[in-house]
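Asks: Attaching a single structure in structure tokens format; questions to follow.
The values are calculated or read from the model by the stated rules, or taken from the named source; none is laboratory data. Given the structure is predicted, the values throughout are model-derived calculations rather than measurements. A quick note on method: Cβ atoms are made from the backbone with ideal geometry, for glycine too, and the neighbour counts reach across all protein chains shown. Surface accessibility is based on the protein's heavy atoms, side chains included, excluding ligands, DNA and RNA. Shrake-Rupley method; radii C 1.70, N 1.55, O 1.52, S 1.80 Å.
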Amino acid sequence: MEDLNGEYIVIKAKAQGVQVIGLTRGQDTKFHHTEKLDRGEILICQFTDHTSAIKIRGKATVLTKYGTVDTED
């Protein structure tokens, strides 16, 4: 299995109250961590053995090694 600890994304909030939710890996997907970002704040997230997905609610720009994505209005 490749090293999952090398996968990062950067999230920049474009509005107040952007929610970032970490989801667990395994048979049952569960929330394991949440953050709330204010406009202009940046969060650097890492995929790990415990984090398989990251859910983002609100207006934000997401930077990954695959490119940049803006959430919909």
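Asks: Could you work out how far apart the two model spin labels at THR29 and THR71 are, taking each label as a point 7 Å from the Cα in the direction of the beta carbon, and quote it in nm?
Replies: Placing both labels 7 Å along Cα→Cβ, they lie 1.6 nm apart.
Asks: Next question. Determine the share of the chain's accessible area contributed by carbon and sulfur atoms, expressed in whole percent, with a 1.4 angstrom probe.
Replies: Heavy-atom surface of the chain belonging to carbon and sulfur, 1.4 Å probe: 48 percent.
Asks: Also: For the chain, which trypsin sites (Lys or Arg not before Pro) are both in a DSSP coil and crowded by at most 11 other Cβ atoms within 10 Å?
Replies: Passing both the DSSP loop test and the Cβ count: LYS30, LYS65.
Asks: Relative contact order, percent, of the stretch 8-71 when contacts are C-alpha pairs under 8 Å separated by at least 6 residues?
Replies: Relative contact order of the stretch 8-71: 44 percent.
Asks: If only Cα atoms are counted, what is the Rg of the chain, and what is its Dmax, in Å?
Replies: 12.4, 38
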